[in-house]
Every structure is written in C-alpha cells, then in structure tokens.
1. If a/c stays under 1.5 just call it rounded; otherwise compare a/b with b/c (prolate if a/b is bigger, oblate if not). Do that for the chain, with a ≥ b ≥ c from the square roots of the Cα gyration tensor eigenvalues.
2. Which far-off residues, 5 or more places away or on another chain, put their amide H under 5 Å from the one on ASP227, with H placed in the peptide plane?
3. Would you work out the charge dipole size for the chain about its Cα centre, treating the Cβ of every Lys and Arg as +1 and the Cβ of every Asp and Glu as -1, and quote it to the nearest 20 debye?
4. Once phi is turned into ³J(HN,Hα) by the Karplus curve 6.51 cos²θ - 1.76 cosθ + 1.60 with θ = phi - 60°, what whole-Hz value does each residue of segment 47-60 show in order, with x for glycine and proline?
5. Through the Karplus equation 6.51 cos²θ - 1.76 cosθ + 1.60, θ set to phi - 60°, convert the phi angles of segment 322-337 into ³J(HN,Hα) values in whole Hz; use x for Gly and Pro.
6. If you stretched the chain out fully between HIS222 and THR236, how much longer would it get, using 0.36 nm times the residue separation minus the C-alpha to C-alpha distance?
7. Using a ≥ b ≥ c from the Cα gyration tensor of segment 211-258 (square roots of the eigenvalues), is it rounded, prolate or oblate, where a/c under 1.5 gives rounded and otherwise the larger of a/b and b/c decides, a/b for prolate?
8. When a/c reaches 1.5 or more, the comparison of a/b and b/c decides; with that in mind, is segment 234-339 rounded, prolate or oblate per its Cα gyration tensor?
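What follows is calculated from the coordinates using simple rules that are stated; it is not laboratory data. Just so you know, these numbers come straight off a predicted model, no measurement behind them. A quick note on method: Cβ atoms are made from the backbone with ideal geometry, for glycine too, and the neighbour counts reach across all protein chains shown.
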Amino acid sequence: MRGKAEHQAVMLSILTPEQMVPGDHPIRQIKPIVERVLGNLTPTFEAMYACVGRPSIPPEHLLKSCVLIALYSIRSERQFCEQLRYNLLFKWFLDLNVGDPAFDPSTFSKNKTRLLEHEVARRFFEQVVEEARRRKLLSWEHFSVDGTLLEAWASMKSVRPKDGNAPPSAGGKNPTVDFRGDRRRNATHASTTDPEARLARKGLGHEAKLCFGGHLLMDNRHGLAVDVRLSMATGTAEREVAAKMLQRLPGWDPITVGADKNYDTHEFVETCRLMGVAPHVACKTRGSALDRRTTRHAAYAASQRARKRIEEIFGWMKTVGGGRKLRYRGVVRNQLWAELTVAAYNLLRIAKLIRHRTGGPAAVAA
C-alpha cells in the first residue's frame with residue numbers, strides 16, 4: 001500500500017547531537033584524540049587573545065572545523081559554515097547544541113592572520129605527531145622523504161612578462177591571450193595572481209603549470225607523516241627542503257631515509273652522511289652517488305619498499321584533502337593548509353591503528 005506523504009511540523013525535541021551520532025562511527029575515535037591535542041595547546045590559545053573585549057569564536061572550533069573540512073572533502077570554509085547549520089555530526093564534533101547557530105565564514109579569514117602569527121597550525125601538527133609517539137606508533141629511526149607538485153590557485157593567463165610587455169589580448173571578462181611565439185620562463189615571467197607560484201611540469205611531454213612544491217617526511221613503521229613543508233617549485237627544492245626536515249629529527253643513531261632517484265645526487269648524499277643519516281635513495285642507472293657499501297644491506301631494500309607508502313599520503317592530500325588545486329595564494333597560507341590537512345590524515349591513521357591494536361574503539365581515548 002502506498003504511504004502518505006506528511007508535512008513536517010515544528011516540534012520540541014530533547015535529542016542531542018551526542019545521541020544522533022552512531023556509536024560505531026569512525027569520527028568518534030578521532031574526537032578524543034583531537035581534544036587531547038587541543039588541551040595541550042591551551043597555553044598557546046591563552047596567549048593569542050586579549051583578556052578583555054568581546055569573546056571570539058574559540059580557536060578550538062576553528063581547528064576542529066579545519067579537521068572536518070579535510071576529512072569530509074569540503075571545498076571551502078563558506079560551504080562548511082553552510083553545512084554546520086544543519087549537520088548534527090559537525091555540531092557534535094564542535095561541541096555545539098542543536099540550536100546553536102553556525103559562525104560566519106569570515107571568521108576563518110579574520111583569524112587566519114592570528115593563527116599564522118602564533119604558528120598554531122604547526123603546533124597542532126606537532127602535537128598530533130607527539131600523540132602518535134606517546135602511543136608508540138613511531139619508530140624515529142627509519143624514514144622516507146618525497147616531494148610533489150601542487151597546482152597553485154592561479155591561471156596560466158595571469159602569467160605576464162616581468163618587464164611589463166604583455167602579449168596581445170582580445171579583451172573582455174575572460175580574454176583570450178595569444179602566447180604564440182612567447183617563451184614563458186620563471187626567469188622572465190611571473191603570475192600576477194600569485195607571484196610566488198612557479199612554472200613547473202612533472203616531466204618531458206607534460207604541460208607546464210603554476211605550482212608549489214609539497215614535501216613530506218614519513219616514518220616507515222606505520223606510514224605516519226612527521227613533517228610537511230611547502231616551497232616554491234624550483235628544480236632543487238625537493239633536496240633542499242628534505243635536508244631541512246632531516247635536521248629537525250632527534251639525533252638518534254642509526255637513522256635511514258629512503259627516497260627516489262631525484263635525490264640521488266652527490267650533494268644530497270653527502271649532506272645526509274654529515275648529519276648521521278644513511279641515505280637509502282634509489283640509484284640512477286648511471287652516475288649514482290651510492291655504491292655497494294650502502295645498497296648491499298637488507299635495510300636498504302626495506303627502505304626502498306617502505307618509501308612508496310609516502311605516495312598514499314600525497315594521494316590523500318590531493319583527493320580527500322582537496323589539494324589537487326590549492327585554495328590559497330602564497331607559500332605561507334598554503335603551508336597552514338598543508339599542516340592541518342596532513343594532521344587530519346595522521347589523526348585518521350592513528351585512530352585506525354589503535355582500533356586494530358586494541359580490537360575496538362573503546363581504548364582510543366586512553
């Protein structure tokens with residue numbers, strides 16, 4: 001028998017977001033870890049705001065919102081605030097009541113400068129890594145490093161000669177620009193939309209795009225990211241940033257780092273050895289900087305197998321995390337996005353590892 005469609009009626013409900021979120025939902029395993037991390041950042045939050053004045057949106061809400069944006073592939077902060085009005089799971093994660101209004105999207109823009117000034121995103125990411133170390137999920141001995149290109153939020157039509165001699169344009173709101181015969185290079189051209197973006201391509205036969213360089217340092221035990229950096233896309237950025245990330249590691253021996261053939265240079269190998277790091281880089285067919293003294297060990301083969309897992313993090317950042325085309329301009333703001341997005345990946349990974357280790361979600365909050 002066909003059921004009858006009934007019109008919704010306004011009613012008083014005593015249900016809370018806590019009751020509406022299923023008990024076995026994966027987000028329940030992430031929330032206690034996030035709250036523990038945010039609790040460790042309380043001194044930083046206290047220093048960010050004045051003691052008097054109108055109360056602001058709690059920074060805990062902003063960071064939790066950034067985690068949700070990454071986990072649920074929300075394309076913008078404006079769309080998140082729109083969903084926050086009716087999504088009970090989001091309200092539960094932010095500790096809001098059903099009737100609490102969503103905050104304005106401009107809250108993110110106004111507070112981003114404050115977050116950058118106090119390096120809150122970096123501290124949040126480091127606390128997530130510390131949480132993984134506390135739970136004995138990191139080895140701190142064997143690592144992998146890699147880099148990728150992240151497309152900038154700028155059009156190729158914004159590339160103009162630095163000397164001001166722009167190519168002819170047809171005019172209009174979205175003009176057609178004739179680049180025929182005009183060789184565009186980073187030395188002579190720059191984007192007017194994002195001057196820090198650089199023309200780069202993945203390899204021969206690929207088109208050049210305005211990009212930034214993304215860099216990750218991964219622990220080989222469980223595939224958790226221990227450092228993330230963004231830089232301008234130069235030809236040597238991968239090796240330079242990798243050396244900086246390795247310098248921040250504890251000086252424990254032995255430390256190994258796996259990498260692809262792009263890192264097989266005499267300069268990078270020598271830099272690693274001076275820092276006490278064994279460079280387990282993939283060898284080039286000719287002119288490799290490594291020899292059998294390094295490649296004959298079983299640890300070298302293990303590093304070459306484990307290093308490929310770092311591509312899983314890059315893939316998650318670009319698909320789920322929305323980093324296939326960056327949302328912000330400049331290295332600094334995109335660095336904030338990268339730290340929060342990779343922190344969300346680590347949170348998801350930590351919760352899953354603890355669930356497999358303990359056999360259930362009950363011990364995640366321990």
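1. Taking the square roots of the gyration eigenvalues as a ≥ b ≥ c, the chain is oblate.
2. Long-range HN contacts for ASP227: LEU217.
3. Around 940 debye, computed over the chain.
4. Karplus values, whole Hz, x for Gly and Pro: 6, 7, 10, 6, 7, 10, x, 6, x, 9, 5, x, x, 4.
5. For segment 322-337, the Karplus curve yields x, x, 4, 9, 5, 9, 10, 10, x, 5, 5, 5, 6, 5, 4, 4 Hz.
6. Here the segment from HIS222 to THR236 would lengthen by 2.2 nm.
7. Prolate, because a/c is 1.5 or more and a/b exceeds b/c.
8. prolate
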